[in-house]
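Report on the following structure.
The values are calculated or read from the model by the stated rules, or taken from the named source; none is laboratory data. Remember, it's a predicted structure, so these values are computed and weren't measured experimentally. Please note: Cβ atoms are built from the backbone with ideal geometry, for glycine as well, and neighbour counts cover all protein chains shown.
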Amino acid sequence: MVLSFGMQDNLTEEIVRTNTDIDFAKEVLFLESEAIKNLINRLDHAFQRAVDLIFYCKGRVVVTGIGKAGIVGQKISATLASTGTPSYWIHSSEARHGDLGRIVADDIVLALSNSGETEVVALLPWVKQIGAKVIAMTGNNRSSLALHSDIVLDIGKIEEPCPLGLAPSASSTAMLALGDALALTIFKKRNLGKEDYAFYHPGGELGRKLLTVEMVMRKNKENPVADEDMPLLDVLAIMTETAGKPGAVSVIDKQKKLVGFFTDGDLRRHLKNGISFLHCSVKEVMTRSPKVIHAHCLVAEAYKILKDHKIDQIPVVDDSNTPVGIIDVQDLLEVGF
């Protein structure tokens, strides 16, 4: 295909413009990454004081801000809450119209403002009067916000990639990263486990992966247990009368240890050979040494056992092999497996 001179000129302009756009985008990413990188050497005793203050806080961390800083504040608050630090976000302007009533003396206010001279500053006299501590996250450690806060997390003067140097971008990215560092450092300091994390994330794929058996198993009145010497007819009555009707019963010995499992499926299989077995004790027809799962295991592990062995229920035991619950395939369906 032969291009006319006009078409060639247009193509050249398009290539030049595209390269210029890409180069500018790369510069934006470079400046934003530099803003985060520069925070590393800014972490000092003030950051440690902020970590300790929040860690020992008896109230909640109230995050506030205006504009892009406010949006970043919402994310920081969400990260704090999801990692074990009670937190909520309030709008700096709305706070002066009634939302200040949400703040109490035991709270900590984390106020975000790059300039340190936004509407956030107007809240400080009222927050001080309430008695809550204030942590400022700002790019100006001589600002009104910084001067009237208990702790200042200074992100420093940051060059915005915006062609006009005005739109918050690198500064808001730095705030977001510093907020993550703060929240995750406190999370690590709390020494929480997967079970604790799962508690705050019960929904979605993340929650399903971290749910433990203990969280979803049938227990107490929904967990039928029978002595191994009990007549089978009595055991069937227990299975029928148990709340939720799990269709299975855990069988124990005199030491209360699990020795067997009897299910609706076992009943149907034995019925093929007549009904005389109904007058036996449950230990004569139960499944001995059944597949089990521990209460502290992940639900995903229970799902794999049920799937691999094509069974509908599995007894749940504690570390001493005492049955503490039952997992039914329907229970897993209810939590999204």
Residue 37 meets each of (1) farther than 13 Å from residue 181 by Cβ; (2) within 27 Å of the chain's Cα centre (by Cα) with one exception, condition (1)
Within segment 274-312, track down each residue that is over 17 Å from residue 328 (Cα atoms) and assigned to a helix (DSSP H, G or I). 276, 277, 278, 279, 282, 283, 284
Within segment 96-124, residues assigned to a loop (DSSP other than H, G, I, E, B) and closer than 30 Å to residue 192 by Cβ come out as 103, 104, 105, 106, 107
Selection from segment 321-337 of residues that are surrounded by 15 or more Cβ atoms within 10 Å (Cβ to Cβ), under 25 Å from the mean Cα position of the chain (by Cα), in contact (Cβ under 8 Å) with a residue 60 or more places away in the chain and outside any strand (DSSP E or B): 331, 332, 335, 337
Does residue 174 satisfy being at pLDDT 95 or above, assigned to a helix (DSSP H, G or I) and touching a Ser or Thr at 6+ places or on another chain (Cβ under 7 Å)? no
For segment 124-169, give me the residue count where each residue is under 32 Å from the mean Cα position of the chain (by Cα), closer than 22 Å to residue 48 by Cα and either crowded, with 19+ Cβ neighbours inside 10 Å or outside the structural domain of residue 31 (by TED's automatic domain parsing) (or both). 16
Cβ-Cβ under 8 Å pairs, at least 6 apart or on other chains, segment 287-300 side touching a residue at least 24 places away in the same chain (Cβ under 8 Å), far side exposed (fewer than 15 other Cβ atoms within 10 Å of the Cβ) and not in a helix (DSSP H, G or I): 294/318; 294/319; 295/318
Number of the condition not met by residue 234 [criteria: (1) of a type outside the set (Val, Ile, Thr); (2) surrounded by 14 or more Cβ atoms within 10 Å (Cβ to Cβ); (3) touching a strand residue (DSSP E or B) at 6+ places or on another chain (Cβ under 9 Å); (4) at pLDDT 85 or above]: (2)
In segment 252-260, is there at least one residue being over 42 Å from the mean Cα position of the chain (by Cα), surrounded by 15 or more Cβ atoms within 10 Å (Cβ to Cβ), part of a strand (DSSP E or B) and touching a residue at least 24 places away in the same chain (Cβ under 8 Å)? no
Residue 93 versus (1) farther than 17 Å from residue 51 by Cβ; (2) part of a loop (DSSP other than H, G, I, E, B): which is the lone unmet condition? (2)
Mind listing whichever residues of segment 208-232 are farther than 24 Å from residue 294 by Cβ and touching a helix residue (DSSP H, G or I) at 6+ places or on another chain (Cβ under 6 Å)? 230, 232
Here is a list: 113, 172, 92. Which entry is assigned by TED's automatic domain parsing to the domain that holds residue 41, crowded, with 21+ Cβ neighbours inside 10 Å, free of Cβ contacts under 8 Å to residues at least 40 places away in the same chain and under 31 Å from the mean Cα position of the chain (by Cα)? 92
Pair list, Cβ under 8 Å, 6 or more apart: segment 56-83 residue surrounded by fewer than 21 Cβ atoms within 10 Å (Cβ to Cβ), other residue of a type in the set (Asp, Glu) and not in a helix (DSSP H, G or I): 57/106; 57/107; 58/106; 59/106; 59/107
